[in-house]
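What follows is one structure encoded as structure tokens, with my remarks underneath.
The values are calculated or read from the model by the stated rules, or taken from the named source; none is laboratory data. What you are looking at is a predicted structure, and each value in this text was computed from that prediction instead of being measured. Positions of Cβ are generated from backbone atoms using ideal geometry, with glycine treated the same way; all protein chains shown enter the neighbour counts. To get the accessible areas, we keep the full protein, side chains included, count just its heavy atoms, and leave off ligands, DNA and RNA. Shrake-Rupley method; radii C 1.70, N 1.55, O 1.52, S 1.80 Å.
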Amino acid sequence: MTGEPLNYFWLGKLSLESLPFVEFIKTPNSSTAIAAFAAAAVIGGAIGIVVLLTLFGKWRVFWREWLTTLDAKKIGIMYIVLALVMLIRAVIEAAFMRAQQMLAVNREGPLSAEHFGELFTTHGTIMIFFMAMPFLIGLINVVMPLQIGARDVKFPLLNAISLALTAAGAVLVMISLVIGEFSTGGWSGYPPFTELAFNPGAGVDYWIWAVTLSSIGNTLTGINFAVTIYKLRAPGMTWFRMPLFSWTALCTSILIIFAMMPLTVATLMLALDRYAGFHFFTNALGGNMMNYANLFWLFGHPEVYIVILPAFGVFSEVFSTFSGKRLYGYHSLVFATIAITVLSFGVWLHHFFTMGQSANLNAAFGIATMLIGVPTGVKVYDWLLTMVRGRVRFTTPMLFSIMFAITFVIGGLSGVLLANPPIDFAVHNSLFLVAHFHNMLIPGTLFGMFAAYNVWFPKMFGFRLSEKWGRISFWFWSFGFYLAFMPLYALGLMGAMRRTVQWFEPQYLPWLLVAFSGAVLISLGLISQVIQLWVSIRNRDDLRAPGGDPWDGRSLEWSVSAPPPEYNFAVIPEVHDRDAFTWMKQHGISYTAPNEYQDIPMPKNSVVAPLIGFLATMLGFALTWHIWWLTIVSFLVILGTVIARSFCRDTEKIIPASQVRQEHEQWLARVKGLIPTARADETTSENQGLAEVAS
Amino acid sequence: MNQRSNRLRHPGINMGHIDSATDEAAESLLFGFWIFLMSDLVLFALLFANYAAQSQHGTAGGPTPSSLFELKNPFIETMLLLASSFTIGLAALALKYRQDRARLVFWLAVTFVLGTGFIYLEVHDFVDMTSKGHGPQTSGFLSAFFLLVGMHGIHVCSGLIWLIVMMVQVFVFGLERDVKTRLMRLAIFWHMLDVVWIGIFTFVYLFGAA
């Protein structure tokens, strides 16, 4: 008798049945087999990492150089690694969904409806919160401080804590594969379906805490980036000399500061409904799910621009660099970015045109939505005109950017269609909508991030990525995208609704087959990126670019070694022009030693961030399974950690001027030994990161 | 007097001509904290909006604002919080003009006591309402009420913890730069809580009881 309450005290709602293996043994079928296999993959992956770290004796390095570091560049790289791992999982899930829909015409597919629901929920949740967000935040961490001539972000520890919280959220999503299940409520988690009455399991709770942790982390990041850009720009870096990527980083940060909170509020209110019997979004006693819809999309729509603006920044840099030209229409691009930032807060209602507000209200939001097409259109023209009369080099990042420009316009057009409330009434919640937003987010965010990955990889690691495999991945991704998503437009117009587990319309089948073949190509694209990384690491000696400027870059990040020193700049540069580094090269003052070096204070490593990450994971897990003692303990320890840290006064180290001098002079000597590369040879092993100065 | 020291470079008290090094350090710290407060105010804006909707449409036939709210305790709470904002202002002045730890800690302690009194009354009211069957589980309106007012209460509690930490740090570290900039941030945090409470007192209590 006493066994059960005791178990509940220590383990909450956890039981053996929470393990997918047990479920597979009890009811063996294709769906539970896949679930058990996925769980085994997660466990295998975790064990694999531990074994590898132990085998190569890298635990100390891992701890000292990575987990406890406060260096923005390394934090950025960890963000990107997290994003890539989660990308792999989410693409596999997408392939499974395509397979399911293709196989489930007039019969049952391999997956149960519940399992399919989990797949589309994790796919969306991961792609937005644990792929797109970490990828772009990581990229901003690596690039932005260098671009504005800063040594670091303003709050390095906060930066590490943000990463830890995001990682904790991602870990929760991964744990949900092994213990229990994930939400089936879609990435938007609409109540009342996600309320206790309809969803009593742990799935929605996993979703709530994973999303909440990551959104708190993101809010802190937004504050950090905004302060960095406002306060830490190098002398001479006026607003209108700031590279466009940093502009988009600023606008994204502002969006994050304002837009993350509605999500946190929505998930916390949903949590109160579920845990404490409140009535915010329930069906009974005055709850109203429309409040959730408003809160969620008050976040959700700006979120679209949070993930797309940094990609716009990347494309601006890529078009300019790989056309060997100054960016066309710089001011219009800046103002278009600001306009998008402002407008993005005025359109959230178009996510639920059909949910009962008056026609006039719908019309107002429809018009606001169409207005966003204007600044976006300005941007596309600016990018095209940047290429005009440039010496365009079709490298991997440029290919991704051009494919983006073409594809994004198609997606934008279908978006203008959807902005019409009457049309939206006809196609809302159909695969037409799914096609539309994938048509924006894949070429926009994802291709932007891939372009950035190829451009800035040599800056992060000191060697370039294989161009051959980069191009192969590009073609797979591009054809894969068109094959996978163009059929969904047709299917949507034929009446196929999103998130459907089984069809009874045989005429869907040909389109579903094509879409599946697209998913296969996309998977091949992802595999070629893994091969690209592998091949590049193996051939790193041929690909090395120690000069740090492999693409004849135009902004300050290319003016330092690759990888850059911890303190970024031996001496903070003075900025004279919008294309700061190009100006330095043209005036012959790049790669010059300064008259004197100074001591540089940098933040010391700290265990606070990994500790908080671990505790936050525990907290989320304990809340999900109602393990109250662990909830209280982990919360109190987090609080105690923060307070204890405020008493820690030994947080800075001084890098002596002599060391800075030695490192910088060593690099300068190395650069002297390099042969400048012509742009035509930039993808060959000739390219060691010293660009020929164009006259 | 040089002009630079007179220019206010950040929200909160201006330490410019007293301690320019702290002023320098405070510039981006307080700016960052100011931005954090902005994001925190978005939280309260949303809770206010949610309360506005649910106090009208979410009463579910149960109690309504006018049938429930009495002004006595909220009014005392308002006075306590306003007074505490004044005393933390006096603490800030002690920090700025006198290098007097005892005076500073005294005003911080008074602020703490007033804040604790506020929390005591609030918890007392919450318990009272719940015991009369008007807990947050009663209706959407009461859920929204408890969340809005409770969220403010949680903020006040974190302010109280922060006050304790700072009193300890004043004794342990003395009035060094980190302690000063932290106190400056604590002060604007405390004032923000006051502003939010004025909103709550007006829109929830005065509006509701009318």
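Below, the figures for the structure above:
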quantity: Filtered residue count, segment A:459-518, keeping only those that are open to solvent by 40 Å² or more (accessible area, probe 1.4 Å) and closer than 30 Å to A:Ser555 by Cβ; calculated: 6
quantity: Which listed residue, of A:Asn218, A:Asn159, A:Asn141, is surrounded by 23 or more Cβ atoms within 10 Å (Cβ to Cβ), assigned to a helix (DSSP H, G or I) and away from chain B (no Cβ under 14 Å); calculated: A:Asn141
quantity: Failed item, numbered, when A:Asn283 is tested on (1) at pLDDT 95 or above; (2) touching an Asp or Glu at 6+ places or on another chain (Cβ under 8 Å); calculated: (1)
quantity: Among the residues listed as A:Ser344, A:Ser253, A:Ser332, the single one being assigned to a helix (DSSP H, G or I), surrounded by 23 or more Cβ atoms within 10 Å (Cβ to Cβ) and modelled with pLDDT of 95 or more; calculated: A:Ser253
quantity: Selection count where residues are over 21 Å from the mean Cα position of the chain (by Cα) and either open to solvent by 50 Å² or more (accessible area, probe 1.4 Å) or on the phi > 0 side of the Ramachandran plot (or both), scope segment B:35-63; calculated: 5
quantity: Scan of segment A:256-281 for residues that are aromatic (Phe, Trp, Tyr), part of a helix (DSSP H, G or I) and either open to solvent by less than 20 Å² (accessible area, probe 1.4 Å) or touching a Phe, Trp or Tyr at 6+ places or on another chain (Cβ under 9 Å) (or both), ordered by number; calculated: A:Phe258
quantity: A:Phe404 being at pLDDT 95 or above, open to solvent by less than 20 Å² (accessible area, probe 1.4 Å), on the phi < 0 side of the Ramachandran plot and under 20 Å from the mean Cα position of the chain (by Cα); calculated: yes
quantity: Lone unmet requirement of (1) over 30 Å from A:Thr683 (Cβ atoms); (2) open to solvent by 60 Å² or more (accessible area, probe 1.4 Å); (3) in a helix (DSSP H, G or I) for A:Ile410; calculated: (1)
quantity: From B:Ser39, B:Ser55, B:Ser67, residue being part of a helix (DSSP H, G or I) and more than 14 Å from every other protein chain (Cβ to nearest Cβ); calculated: B:Ser67
quantity: Residues within segment A:545-562 that are touching a Lys or Arg at 6+ places or on another chain (Cβ under 9 Å) and over 18 Å from A:Met398 (Cβ atoms), tallied; calculated: 8
quantity: Residue that is nearest to the other protein chains (Cβ to nearest Cβ) [pool: residues in segment B:134-179 that are part of a helix (DSSP H, G or I) and of a type in the set (Ser, Thr, Tyr)]; calculated: B:Ser143
quantity: Exclusive hit being assigned to a helix (DSSP H, G or I), small (Gly, Ala, Ser), at pLDDT 95 or above and open to solvent by 30 Å² or more (accessible area, probe 1.4 Å), set A:Ala339, A:Ala311; calculated: A:Ala339
quantity: Breaking point among (1) open to solvent by less than 10 Å² (accessible area, probe 1.4 Å); (2) away from every other protein chain (no Cβ under 14 Å); (3) farther than 22 Å from A:Trp551 by Cα, for A:Tyr292; calculated: (2)
quantity: Filtered residue count, segment A:233-250, keeping only those that are open to solvent by less than 50 Å² (accessible area, probe 1.4 Å) and assigned to a loop (DSSP other than H, G, I, E, B); calculated: 5
quantity: Conditions (1) part of a helix (DSSP H, G or I); (2) within 28 Å of B:Gly12 (Cβ to Cβ); (3) out of contact with any Cys (no Cβ under 8 Å at 6 or more places or on another chain); number of the one not met by B:Ile119; calculated: (3)
quantity: A:Gly286 being within 11 Å of chain B (Cβ to nearest Cβ), more than 24 Å from A:Ala452 (Cβ to Cβ) and crowded, with 21+ Cβ neighbours inside 10 Å; calculated: yes
quantity: Count - residues of segment A:20-40 that are closer than 17 Å to A:Ala90 by Cα and in contact (Cβ under 8 Å) with a residue 40 or more places away in the chain; calculated: 4
quantity: Scope segment A:413-453; condition outside any helix (DSSP H, G or I), within 24 Å of A:Thr500 (Cβ to Cβ) and either of a type in the set (Gly, Ala, Ser) or modelled with pLDDT of 95 or more (or both); matching residues; calculated: A:Ser430
quantity: Selected residue [within 14 Å of another protein chain (Cβ to nearest Cβ) and in contact (Cβ under 8 Å) with a residue 24 or more places away in the chain] from A:Leu309, A:Leu298; calculated: A:Leu298
quantity: Residue in segment A:666-689 that is farthest from A:Ser559 (Cα to Cα), counting only those that are touching a strand residue (DSSP E or B) at 6+ places or on another chain (Cβ under 7 Å) and open to solvent by 50 Å² or more (accessible area, probe 1.4 Å); calculated: A:Glu686
quantity: Residue among A:Glu663, A:Glu692 that alone is buried (at least 16 other Cβ atoms within 10 Å of the Cβ) and either charged (D, E, K, R) or touching an Asp or Glu at 6+ places or on another chain (Cβ under 8 Å) (or both); calculated: A:Glu663
quantity: Within segment A:484-592, helices (runs of 4 or more DSSP H) holding 3 or more residues that are within 27 Å of the chain's Cα centre (by Cα); calculated: A:509-538
quantity: A:Trp63 vs. criteria closer than 30 Å to A:His626 by Cβ and open to solvent by 90 Å² or more (accessible area, probe 1.4 Å); calculated: no
quantity: Subset tally (residues that are facing chain A (nearest Cβ under 9 Å) and in contact with a His (Cβ under 8 Å, 6 or more places away or on another chain)) for segment B:42-52; calculated: 0
quantity: Sole residue being within 21 Å of the chain's Cα centre (by Cα) and among the hydroxyl-bearing types (Ser, Thr, Tyr), chosen from A:Ser344, A:Ser323; calculated: A:Ser344
quantity: B:Gly174 touching a helix residue (DSSP H, G or I) at 6+ places or on another chain (Cβ under 8 Å), open to solvent by less than 10 Å² (accessible area, probe 1.4 Å) and modelled with pLDDT under 95; calculated: yes
quantity: Filter result (modelled with pLDDT of 75 or more and either under 20 Å from A:Leu630 (Cα atoms) or in contact with an Asp or Glu (Cβ under 6 Å, 6 or more places away or on another chain) (or both)) within segment A:1-18; calculated: A:Asn7, A:Tyr8, A:Phe9, A:Trp10, A:Leu11, A:Gly12, A:Lys13, A:Leu14, A:Ser15, A:Leu16, A:Ser18
quantity: Enumeration of residues in segment B:83-120 that are open to solvent by 60 Å² or more (accessible area, probe 1.4 Å) and more than 15 Å from B:Ser158 (Cα to Cα); calculated: B:Phe86, B:Leu93, B:Tyr97, B:Arg98, B:Gln99, B:Arg101, B:Ala102, B:Arg103, B:Phe106, B:Trp107
quantity: Residue in segment B:14-26 that is more than 13 Å from chain A (Cβ to nearest Cβ), of a type in the set (Asp, Glu), open to solvent by 50 Å² or more (accessible area, probe 1.4 Å) and not in a helix (DSSP H, G or I) present; calculated: no
